[in-house]
1. Return the only residue of 367, 334 being modelled with pLDDT of 85 or more and buried (at least 20 other Cβ atoms within 10 Å of the Cβ).
2. Looking only at residues in region 187-217 that are more than 20 Å from residue 407 (Cα to Cα) and out of contact with any helix residue (DSSP H, G or I) (no Cβ under 9 Å at 6 or more places or on another chain), which one is modelled with the lowest pLDDT?
3. Considering each residue of region 56-97, count those that are over 13 Å from residue 116 (Cβ atoms) and touching a strand residue (DSSP E or B) at 6+ places or on another chain (Cβ under 7 Å), and give that number.
4. So, in region 222-231, exactly how many residues are touching a helix residue (DSSP H, G or I) at 6+ places or on another chain (Cβ under 7 Å) and either modelled with pLDDT of 85 or more or farther than 14 Å from residue 405 by Cα (or both)?
5. Would you pick out the residues in region 234-265 that are under 38 Å from the mean Cα position of the chain (by Cα) and at pLDDT 65 or above?
6. Please specify each residue of region 77-107 satisfying the condition of being farther than 16 Å from residue 122 by Cβ and assigned to a strand (DSSP E or B).
7. Here are some residues: 13, 63, 40. Which one is at pLDDT 50 or above and surrounded by fewer than 16 Cβ atoms within 10 Å (Cβ to Cβ)?
8. Which one of these does residue 294 not meet: (1) closer than 28 Å to residue 240 by Cα; (2) surrounded by fewer than 18 Cβ atoms within 10 Å (Cβ to Cβ)?
């Protein structure tokens, strides 16, 4: 066994006296007499009271190989230090360094940060108890981790696709209940073009054709661009709806909301009536089932009648639960329409909103054109330094926010970028200082 250990040390290239290493690993029996052996007769065990503190050294190394650095540590140590260096680590270069009052282990543990070799890194391990003087430091090297490039997808990148969008309701909305004029097709194309330009010059620009008679846009573009175009058209279509709502008089809107609230209240009352009726039917069915159970127990009624009675109880219970669910839905509906009515009462009038577009200043003309496309009066949109100021109804302000948000996310190529929300300018803010 001892011969195998010496052969292993020779393979690593031991720096130091092998005999000293072996004597440290297999101390002579006389050494065991210095401390009391632990129970069980282990004479080689060193009790904590006799453990020597790890040696402290001061070192000024001019630079050289790792093997020379280890020799310098051994020379600076006040006692024997057992250090093995593998052949692949011995020639690694260590830069000049100076240390004062450091432990031998600390002087070795900096090697992974100091030793240099092409594609390899030094590392240090300990075998046995180096503090007690019965262990060995082992210094070796390992290959650096080199991240491998991600394999190319076997599927080709998606190419351009063709989509058809109807814009008739956008450019020529039905003039019911004050929908107002439609959006000129030029404004629609300008908004789409602005989004395409913000996608970057390197992106292939979409091909767009407008068929006036059918009121459709035929677009050939990349899937991501088609998604953006669809979002912009939906936003502008939503603005038409917002204008239709905004064009209604306050009295009409209040009457409609009052009717909705009254209808929700009636639905809730019907649901409560259904619950009361279902509770009565359930109670009667349960009472009848209990009576059948007593008769079956007394042997004066067949069990199949009890089975039918219990099935009726379950049906009545299901009906009661369904009535309770409808009541909860009616309560939620009443809460929603009441909240909408309250919000509309507060939203009457025109707002002045300021939108911060500092991150998109390079495309300010396109941003203004896109905002003008969703606002009834184009002169209500103005640009000032890094901000866009819009004077419009609340519904149009919401459309402006959606358009600017869509453009920001296209420009940043990130669908999770924050929304562009405006800051309302109050009458106090508009007063001269």
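1. From the options 367, 334, the qualifying one is 367.
2. Only one residue tops the list, namely 213.
3. Result for region 56-97: 21.
4. 1
5. 234, 235, 236, 237, 238, 239, 240, 241, 242, 243, listed by residue number.
6. The answer is 98, 99, 100, 101, 102, 103.
7. Only one candidate qualifies: 63.
8. (1)
The values are calculated or read from the model by the stated rules, or taken from the named source; none is laboratory data. Here the structure is a predicted model, which is why all the values come from computation and not from measurement. Ideal geometry is used to build each Cβ from the backbone, glycine not excepted, and the neighbour counts take in all protein chains shown.
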